[in-house]
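> Dropping the structure in here first, questions after.
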Amino acid sequence: MKILLIKAARPKRFGRGRHDGVMPPLGLLYLSAALKKAGYTDIHLLHLGLENFGPGDLEREIEKLKPDIVGISAMTSECGSMHLAASAAKKSGVPLVITGGAHPTAYVSECLADENIDVVVRNEGEMTFPELLSVYEKKAGLETVKGISYRLNGESVDNPPREFIEDLDSLPFPDWDLADPDRYKDFVPHSPMLYGRRYMSVFTSRGCPFRCTYCHSIFGKKFRAHSPERVVEELRLLKEKYGISDIEVSDDSFNIDRGRAAAIMRGLISADLKLNLFFGNGLRAELLDEELVDLFSRAGVKYVCAAIETACLRLREKIKKNADLEKLRAAVKLLVKKRIFVNGFVMMGFPDETLGEMLVTARYLWSLPMHSFLLFFCRGYAGAEICGSLPPEKRIDPKKDNTCFVPAGGCSNLPAWQLLAMKQLTTAGFYFFNPARIYRIFRDLPSGDPRLYWFLFKTMAAKFFRPGER
């Protein structure tokens with residue numbers, strides 16, 4: 001059985017050459033490894049964000065491969081190309097088209113309304129997908145497969161959910177042979193300091209016990225983790241077999257278990273792998289302390305993100321963001337002292353947020369010694385608690401989803417020009433009225449690659465002169 005795994009791309013950029021947000025599809029690499037472990041070895045990967053396909057090219061590529069099964073992974077902002085890929089697969093005669101990932105999990109009905117999509121795999125797929133294929137090969141009914149949704153006699157059927165995988169160490173290493181890291185060097189990942197570098201993404205844990213109302217739950221609300229020994233061995237393999245020294249850690253909450261986080265860092269120090277670690281996603285910065293930051297520095301951590309979201313107490317309680325801002329401030333100072341590049345995450349445009357409350361967040365951000373920040377506008381995605389409290393017109397329409405860096409299509413009742421003005425003000429106060437910050441940025445850059453300097457210059461200029469972009 002030949003299986004083609006497709007990673008969708010953002011619809012507005014589909015077929016348009018280089019763009020941001022194209023990273024190794026870690027979920028599909030895990031899935032491929034699980035399929036091979038189950039005996040399905042003829043697996044191919046097509047990452048649409050890497051290709052410059054024109055009209056008809058995708059269909060021709062699928063016809064050339066002649067797969068028996070097509071599996072498509074998509075975020076909500078990628079659902080346009082997910083539907084295009086499903087259509088191309090069916091036109092090419094593929095009998096079974098399966099979708100999975102964050103978007104199909106949250107928008108099951110929307111996916112199954114597309115006659116080109118046969119089955120939706122919800123949440124984690126490493127156990128579900130191989131079982132689904134086994135049942136399909138036997139021509140048995142799908143009712144026994146947990147964690148899937150499908151059409152039966154014109155009606156949508158949701159089978160019971162599958163339990164999350166408790167023992168993550170039971171999973172094989174991701175199928176890194178499927179994704180050439182050299183193809184991702186010219187795209188900007190979650191950790192922009194990796195731009196131009198040969199890197200690979202890893203998960204050392206899944207799930208987050210916190211219940212922020214704007215966040216997804218594709219990995220559940222229980223922290224599940226690989227053992228420190230497994231993490232060190234995985235990174236050793238990436239270094240010694242694949243020659244990869246730059247690692248992006250994509251966890252939701254890497255350091256929830258402080259002892260495990262410390263053990264991983266000590267293991268890496270002892271192994272002397274000389275890695276560069278980038279935490280471009282989930283790290284609870286306020287849980288860091290001086291000892292752990294020192295271990296981070298010695299183990300090769302070069303970049304971390306600290307999620308502020310909002311500094312307004314009323315909103316923090318409302319969105320259930322319970323980080324201690326003074327502890328976060330102390331952690332940022334420790335990180336900067338060790339010359340670890342710190343990026344902040346800020347959110348604005350909550351449903352009833354005022355300009356004054358946004359200014360509270362901006363002033364707190366300005367007071368921190370961190371190097372950079374990203375400002376996101378709140379979005380109402382299905383599967384997030386905040387979506388249920390929004391009127392229908394404020395909820396994300398998957399077919400019209402756009403980047404969370406612009407206010408259009410967000411949750412706020414304020415006009416877009418006011419949100420953009422606040423973004424400009426926040427940016428100007430952070431960068432352009434703080435020469436010491438500019439000095440720290442270039443002092444603490446993880447590499448001296450000229451392309452990275454040029455990228456940062458263009459990004460900083462765009463933040464002020466084109467505030468509607470990233």
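> Which one of the conditions (1) at pLDDT below 95; (2) within 21 Å of LEU5 (Cβ to Cβ); (3) not in a helix (DSSP H, G or I) does LYS221 fail to meet, given that it meets all the rest?
(2)
> So, one more: In the range 1-18, how many are at pLDDT below 90 and surrounded by fewer than 19 Cβ atoms within 10 Å (Cβ to Cβ)?
So the count comes out to 5.
> Of the residues GLY356, GLY349, GLY410, GLY383, which single one is assigned by TED's automatic domain parsing to the domain that holds PHE433 and free of Cβ contacts under 8 Å to residues at least 40 places away in the same chain?
Answer to the selection: GLY356.
> Any residue at all in the range 258-275 that is at pLDDT 95 or above, surrounded by 19 or more Cβ atoms within 10 Å (Cβ to Cβ) and under 20 Å from TYR184 (Cα atoms)?
Within the range 258-275 (the criterion being at pLDDT 95 or above, surrounded by 19 or more Cβ atoms within 10 Å (Cβ to Cβ) and under 20 Å from TYR184 (Cα atoms)), the answer is yes, since at least one residue qualifies.
> Right, next: Would you pick out the residues in the range 50-70 that are in a helix (DSSP H, G or I), surrounded by fewer than 24 Cβ atoms within 10 Å (Cβ to Cβ) and in contact (Cβ under 8 Å) with a residue 12 or more places away in the chain?
LEU50, ASP57, GLU59, GLU61, ILE62, GLU63, LEU65
> Condition first: farther than 29 Å from PHE373 by Cα and of a type in the set (Gly, Ala, Ser). Now tell me which residues in the range 264-280 satisfy that.
The answer is GLY267, SER270, ALA271.
> So, one more: Residues to consider are LEU238, LEU277; find the one that is free of Cβ contacts under 8 Å to residues at least 40 places away in the same chain and either part of a loop (DSSP other than H, G, I, E, B) or touching a strand residue (DSSP E or B) at 6+ places or on another chain (Cβ under 6 Å) (or both).
None of the others qualify; the one that does is LEU277.
> Residue check, TYR214 against (1) out of contact with any strand residue (DSSP E or B) (no Cβ under 6 Å at 6 or more places or on another chain); (2) over 22 Å from PHE376 (Cβ atoms), all met but one. Which one?
Status for TYR214: all satisfied but (2).
> Which of the residues spanning the range 401-419 are in a helix (DSSP H, G or I) and surrounded by 18 or more Cβ atoms within 10 Å (Cβ to Cβ)?
Once the filter is applied, which keeps residues that are in a helix (DSSP H, G or I) and surrounded by 18 or more Cβ atoms within 10 Å (Cβ to Cβ), the range 401-419 yields only LEU419.
> Related question: Give the residue that is surrounded by the fewest Cβ atoms within 10 Å (Cβ to Cβ), with candidates limited to residues of the range 420-433 that are under 13 Å from VAL346 (Cα atoms) and within 25 Å of the chain's Cα centre (by Cα).
Looking at residues that are under 13 Å from VAL346 (Cα atoms) and within 25 Å of the chain's Cα centre (by Cα), I get THR427.
> Next up: As an exercise: evaluate ALA323 against (1) in a loop (DSSP other than H, G, I, E, B); (2) of a type in the set (Gly, Ala, Ser); (3) surrounded by 23 or more Cβ atoms within 10 Å (Cβ to Cβ) and give the number of the one condition it does not meet.
That leaves (3) as the condition not met.
> Next question, about the same structure. Would you mind telling me which numbered condition in (1) part of a loop (DSSP other than H, G, I, E, B); (2) farther than 20 Å from TYR30 by Cα; (3) free of Cβ contacts under 8 Å to residues at least 60 places away in the same chain GLU166 fails?
Going through the list (1) part of a loop (DSSP other than H, G, I, E, B); (2) farther than 20 Å from TYR30 by Cα; (3) free of Cβ contacts under 8 Å to residues at least 60 places away in the same chain, GLU166 breaks only (2).
> Tell me, which helices (runs of 4 or more DSSP H) wholly within the range 71-118 include 2 or more residues that are touching a residue at least 24 places away in the same chain (Cβ under 8 Å), closer than 19 Å to LEU31 by Cα and not assigned by TED's automatic domain parsing to the domain that holds GLY409?
It comes to 79-91, 102-106.
> Out of ALA331, ALA384, I need the residue that is under 22 Å from LEU288 (Cα atoms), buried (at least 17 other Cβ atoms within 10 Å of the Cβ) and of a type in the set (Gly, Ala, Ser). Which one?
ALA331
The values are calculated or read from the model by the stated rules, or taken from the named source; none is laboratory data. Note that this is a predicted model, so its numbers are computed, not measured. All Cβ positions, even for glycine, are placed from backbone atoms using ideal geometry, and neighbour counts span all protein chains on display.
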